[in-house]
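Take a look at the structure below.
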C-alpha cells in the first residue's frame, strides 16, 4: 500500500509530471473493494480506506443533492426514454424540484480520511443527463425544435441546482477537486447537435467550472461519447476550461492518440478501454498500462486507469495487472 498523496493528482491536473505514477478511476466494482478490504462495510471511512489500499490518492464520495426520476423498469440498463416526468410547461411547474438545503452534506465534514487523501465531489448526474432523464431523449430532440424556450428553462433550473450543489460541497476543506460527470455523446457523436450543445449545455457547464476554479480547486470532466469529430473537445478545453478529462474508448479515440493530441492543453485521465480490459490477458493489460506510463513519463499530465470504470464484468486479475504497473 502506498500512502495517499493528493499532491500527485494536483500535479497531473496542472499538466505536470507527478512525483510518482498516479492512478485515476471514477467507479470501482464492489467486489474489488471487498477483495482489498474483506468484510468492510459501506461506511465512508471504510470506502476511503479501500480507495487508499488500492493505491489512489483520493476517494469518490457523494453527499447531498438528488433528483427525483420516474419509475424505472431496468435490470442492468435503462432506456433514455424511460418514464419522463416533464412533457410540457405545466409539468415543468409541477415537477418536485429539489432544494439543496434539504440535503445532508455533513459527510464532507465528518469523514475521517487516511493522511494525505482528499475527496473528489461529484454531481447527481450531469446537466445533460438530468435533462434527458426528466424529459426523455426522443422528446428532447423534438423540443429543441418545437419548444426551445422550455428546453432552456429546464436546463437552467437543473444547472442552478447543480451550481448550488457544488457551491455547498466546496465549503468543505476535505474536497480536493470536483468531478463534473455528464455524458455528452454516443460513439458516433454528441447526444444533441453541436449547436444545441453550445446553446444549452456548454455555457452552464463552463459556469460550474468557474465556480470550482474560484474556490481554488481543479475541475475534472467525465463524459462518454465522441466529442472529437464534431469539435466539442475544443469547448471542453477552451470554453469550459476543464483541467482534466476522463472517459475514452478505442473505437472513438484511443487514449494514446488523445494523449498525443491534447495533453499539453488538458490532463488525460484513465483511458484503457473497458472492452480491452475485459478481453485481454493480464500480460497484455500490463503491457499497455506500462506503455502509457512510459509515453507520459517526460511530460506528465496523465493518470493511469480505465477508459470509463471497473464494473463487475472486468476480470479482477486484469484490473490488478493494470494498477500493479505503478509499482514496476
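Values quoted throughout were computed directly from the atomic coordinates according to the rules given, and no laboratory measurement underlies them. Quick caveat: nothing in here was measured; it's all calculated off a predicted structure. Note: ideal-geometry Cβ built from the backbone for every residue, glycine included; neighbour counts use all protein chains shown.
For residue 88 and residue 187, the FRET efficiency from 1/(1 + (r/R0)^6), where r spans their Cβ atoms and R0 equals 41 Å, is about 0.80.
Extension gain, residue 210 to residue 95: 0.36 nm times the residue separation minus the Cα-Cα distance gives 38.6 nm. Look at 179, 6 and count the other Cβ atoms within 10 Å of each Cβ; fewest to most, that gives 6, 179.
Compute the long axis of helix 44-54 from its Cα atoms, compare it with the longest principal axis of the Cα atoms of the chain, and write down the angle in degrees, 0 to 90, nearest 10. The angle comes out at about 50 degrees. Here the spin labels are modelled as points 7 Å beyond Cα on the Cα-Cβ line, and at residue 316 and residue 275 they lie 2.7 nm apart. Sorted into 5 angstrom bins from 0, the C-alpha pair distances of the stretch 3-55 split as 4, 19, 26, 19, 15, 11, 5, 1 percent. Using the Cβ-Cβ distance between residue 287 and residue 238 with R0 set to 25 Å, the FRET efficiency works out to roughly 0.10. Ordering of 224-236, 84-96 by packing is 224-236, 84-96, highest average first (other Cβ atoms within 10 Å, averaged per residue).
By the count of neighbouring beta-carbon atoms within 10 Å, fewest first, 142, 60 end up ordered 142, 60. Let's test the formula: R0 of 45 Å, r as the Cβ-Cβ distance of residue 324 and residue 102. What FRET efficiency results, to the nearest 0.05? Efficiency for this residue pair is about 0.55.
For 222, 62, the sequence from fewest to most other C-beta atoms within 10 Å is 62, 222. Computed packing ranks the peptides 33-40, 254-261 as 254-261, 33-40, most packed first, by mean other Cβ atoms within 10 Å. Remark on the stretch 115-168: ratio of C-alpha radius of gyration to 2.2 N^0.38 Å is 1.45. Against the chain, whose longest principal axis comes from its Cα atoms, helix 202-214 is set at around 50 degrees. Here is how the number arises for the chain: DSSP H runs of 4 or more residues each give -39500 (n - 2.57), the sum is divided by the residue count, and the result at 222 nm is -11000 deg cm²/dmol. Specify the inter-centroid distance of the stretch 24-60 and the stretch 63-134, based on alpha-carbon positions, in whole Å. Each part's Cα centre sits 22 Å from the other's. To the nearest ten degrees, helix 137-146 and the longest principal axis of the Cα atoms of the chain are 50 degrees apart.
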